[in-house]
């Protein structure tokens, strides 16, 4: 009966949940374009423990969305998760951001899920998953254009989900392309994945674990 605290901060959505045996008990999230995770994350964590009427020491593990995603968001989420693991003496579970995003929809045979996060300009971070959420194509940073996914679209119906899907929607017009709007990585889908990893003790080394940035951080000068 594993109770897991799940933390998602890789995009504008600051999201925290408590799950038990893979089922979400409590969820609190706010999608703020201002990236106010530093102010909200600890408040949300405190709130969900109060809503669930359990103490922090009652959980069995902490799961963190490991990326790819916002550099700052990843740093805030991972540092918070690691700090809690150290102080509570709990194991850390890492979850691919794109995998948990893919879990927000279900598809059928001959259909694929393409979770993607908006990066700079016409770039996205994307992966491709089969209906059973096994990997069809690994995560990569890609520059998209009207020919992106063209060969796959001839054979499969592709479901594009995430902030990067809006870019795809503006350049691809194909009957096999389905765009799922207004979906962001969320702690609501992390509990199921985290529970599977908890059962096999797939824990991270706290001393060495780092977020999966995919690309190096690039500082942009303020206008």
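Here are some notes:
- Residue match in the range 140-157 (condition: under 30 Å from residue 2 (Cα atoms) and either touching a strand residue (DSSP E or B) at 6+ places or on another chain (Cβ under 8 Å) or surrounded by fewer than 21 Cβ atoms within 10 Å (Cβ to Cβ) (or both)): no
- Taking the criterion of being over 21 Å from residue 107 (Cα atoms), in contact with a strand residue (DSSP E or B) (Cβ under 7 Å, 6 or more places away or on another chain) and free of Cβ contacts under 8 Å to residues at least 24 places away in the same chain, the only residue of the range 119-139 that qualifies is 123.
- Pair list, Cβ under 7 Å, 6 or more apart: the range 17-38 residue closer than 19 Å to residue 199 by Cα, other residue surrounded by fewer than 14 Cβ atoms within 10 Å (Cβ to Cβ) and at pLDDT below 95: 20/1; 21/1
The values are calculated or read from the model by the stated rules, or taken from the named source; none is laboratory data. Bear in mind that the values here come from a model prediction, so they are computed numbers and not experimental data. Ideal geometry is used to build each Cβ from the backbone, glycine not excepted, and the neighbour counts take in all protein chains shown.
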